[in-house]
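Peer 1: My structure is below; once you've seen it, I'll send some questions.
The values are calculated or read from the model by the stated rules, or taken from the named source; none is laboratory data. Given the structure is predicted, the values throughout are model-derived calculations rather than measurements. Cβ atoms come from the backbone with ideal geometry, glycine included; neighbour counts cover every protein chain shown.
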Amino acid sequence: MRINENYLNVKESYLFSEIARKVNDYAEKNPDKKIIRMGIGDVTLPLAPVVVEAIHKAADEMGVKETFRGYGPEQGYDFLREKIVAYYKENTIRIDINEVFISDGAKSDVGNITDLFDKDNLVLVPDPVYPVYVDTNIMNGRKIEYMQAKASNGFCPLPEPGVKADIIYLCSPNNPTGAVYSYDQLKAWVDYALKNDAIILFDAAYEAFIGDSKLPRSIYEVDGAKRCAIEFCSLSKTAGFTGTRCGYTIVPKDLKVQITKLKKLLKVDSDVVELNKLWLRRQTTKFNGVPYIVQRAAEAVFTPEGRAQIKENIDYYKQNAQIIADTMDEVGIKYFGGINSPYIWLECPGGMRSWEFFDYLLESINVVGTPGAGFGKNGEGYFRLTAFSDRESTIEAMERFKKLMTPAPEPQPEPEPEPKTEPAAEPAEAELVIEEPETAPEEESEE
Ligand SMILES: Cc1ncc(COP(=O)(O)O)c(C=O)c1O
């Protein structure tokens, strides 16, 4: 027996464990400090009431013989797929119900989709990157190239002359940078993919955070994308399903791939194969569907009531993002994201490196973020803050941040001492009230 030795090539991910280690160490040595976590990629608001109601109702159905459900369709129940078709239709995108596959979250599908592709494809991912794109391909032994996401291209890299990729990962709004591709930029990628017989794996996990109607929420807004792109969506951040687990993937029927000459000789009646059929085959073989109760919960998200309730939650996070962005503006720190995204990607001040800035924030104001260097070489010198904390913590963290980043006023000449004055106040730093220690520090979420 031999293992898949490609797994040995997957780098250990030290990012979140190192953050947790540093935070735990600091908390242990400073039990009186109130640490605020702005690094988490997990949501903090509970499920919307209409979702909870649907869960209760579905659970009751499962307890009654007549309405009990066993195995469901692997690709999801039609009641949910129809809602997703209608959701796309609002955005003037026509999707067939059989192009919708319900999943237990975008992470699984983004990883599992690689089953459909030969090892010898060249994979293009952005740097900085959501690490799942890299690790899942390394597990399959594929070669990876990085496209350079930098401040100079707004962290939205475009096709470069001379690069001939087969599989392209795009994530918009982006984790970690918060950058969002414009219509024209996505069109450049779609044109590239069509011209080069490449496929785009479009991660739209944060589409619901896009408020600007000029920005595309789906790659299918671009003509031709159905012939070259698969789209991954998630209810995790949209509707607080990080623990409930539900997402959906669109595999258009127009997405067809030429098969090799050898295979043609061996079988077959057609030169091309529909990826939709392959994915259905893969899912019906390796996946047994998302629980009925969860799919009913997801269905509730797409009702008018559900849409209104989740919008409130998204708006809450977006207001947090605005508070962070305003603070950055006030102290003159350059940042990306934060408007159509829950992530603020800021340039570490004073030329600090990412981990240096992490230590500085933790030790001086007890605020935890995520060092950009953990997402790739181009993340060095950057830092990610998330809008998923609660409002009070966000405000308090940003107050502390402002104090830290605002230069102390020039010392004024001492006024002549008057008789009988009160003792001078303590300097501002000492006013930073240290509250009760938190309960046991949690692990940072790995998203
Ligand atoms: C870009 C991106 N894609 C996918 C996921 C995973 O989402 P899910 O919870 O649906 O698996 C995340 C989670 O943080 C993410 O940031």
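Peer 1: If you scan the range 189-215, which residues turn out to be in contact (Cβ under 8 Å) with a residue 40 or more places away in the chain and within 16 Å of the ligand (Cβ to nearest atom)?
Peer 2: The answer is LEU201, ASP203, ALA205, TYR206, ALA208, PHE209, ILE210.
Peer 1: Related question: State the number of residues belonging to the range 107-129 that are more than 11 Å from the ligand (Cβ to nearest atom) and in a loop (DSSP other than H, G, I, E, B).
Peer 2: The total comes to 6.
Peer 1: Look through the range 167-188, keep the residues that are among the aliphatic types (A, V, I, L, M) and touching a strand residue (DSSP E or B) at 6+ places or on another chain (Cβ under 7 Å), and return whichever of them is nearest to the ligand (Cβ to nearest atom). Write out each step before concluding.
Peer 2: Restricting attention to the range 167-188, the residues satisfying the condition of being among the aliphatic types (A, V, I, L, M) are 167-168, 170, 179-180, 186, 188.
Filter again for touching a strand residue (DSSP E or B) at 6+ places or on another chain (Cβ under 7 Å), leaving 167-168, 170, 179.
On the way: ILE167: 16, ILE168: 15, LEU170: 10, ALA179: 12 Å.
Checked the range 167-188; the qualifying residue nearest to the ligand (Cβ to nearest atom) is LEU170.
Peer 1: Also, I was wondering about something else. Filter the range 130-149 down to the residues that are assigned to a loop (DSSP other than H, G, I, E, B) and over 18 Å from the mean Cα position of the chain (by Cα) and list them by number. Don't jump to the end; show me each part of the working.
Peer 2: As a first pass, look at the range 130-149 and keep what is assigned to a loop (DSSP other than H, G, I, E, B): 130, 140-142, 149.
ASN140, GLY141, ARG142 - these are the residues of the range 130-149 that are assigned to a loop (DSSP other than H, G, I, E, B) and over 18 Å from the mean Cα position of the chain (by Cα).
Peer 1: Hey, any hits in the range 58-76 for a residue that's in contact with a helix residue (DSSP H, G or I) (Cβ under 8 Å, 6 or more places away or on another chain), of a type in the set (D, E, K, R) and farther than 28 Å from PRO304 by Cβ?
Peer 2: So far as the range 58-76 goes, yes, one or more of its residues are in contact with a helix residue (DSSP H, G or I) (Cβ under 8 Å, 6 or more places away or on another chain), of a type in the set (D, E, K, R) and farther than 28 Å from PRO304 by Cβ.
Peer 1: With PHE101, PHE79, PHE155 as the choices, which residue is in contact (Cβ under 8 Å) with a residue 60 or more places away in the chain, within 16 Å of the ligand (Cβ to nearest atom) and either closer than 23 Å to VAL290 by Cα or not assigned by TED's automatic domain parsing to the domain that holds ARG245 (or both)?
Peer 2: Working: PHE79 fails: within 16 Å of the ligand (Cβ to nearest atom); PHE155 fails: either closer than 23 Å to VAL290 by Cα or not assigned by TED's automatic domain parsing to the domain that holds ARG245 (or both).
One residue alone meets the criteria, PHE101.
Peer 1: Moving on. Hey, does the range 27-46 have a residue that's within 16 Å of the ligand (Cβ to nearest atom) and of a type in the set (Lys, Arg)?
Peer 2: So the first thing to find is which residues in the range 27-46 are within 16 Å of the ligand (Cβ to nearest atom), and the list is 37-45.
When the remaining residues are screened for being of a type in the set (Lys, Arg), the result is 37.
Within the range 27-46, one or more residues are within 16 Å of the ligand (Cβ to nearest atom) and of a type in the set (Lys, Arg).
Peer 1: While we're looking at this one, here's another question. Among (1) assigned to a helix (DSSP H, G or I); (2) without any contact (Cβ under 8 Å) to a residue 24 or more places away in the chain; (3) under 22 Å from GLY372 (Cα atoms), there is one condition ALA20 misses while meeting the rest; what is its number?
Peer 2: (2)
Peer 1: Which of the residues that make up the range 130-146 are within 16 Å of the ligand (Cβ to nearest atom) and either touching a Cys at 6+ places or on another chain (Cβ under 9 Å) or free of Cβ contacts under 8 Å to residues at least 60 places away in the same chain (or both)?
Peer 2: Residues of the range 130-146 within 16 Å of the ligand (Cβ to nearest atom): 130-137.
Within the range 130-146, TYR130, VAL132, TYR133, VAL134, THR136, ASN137 meet the criteria.
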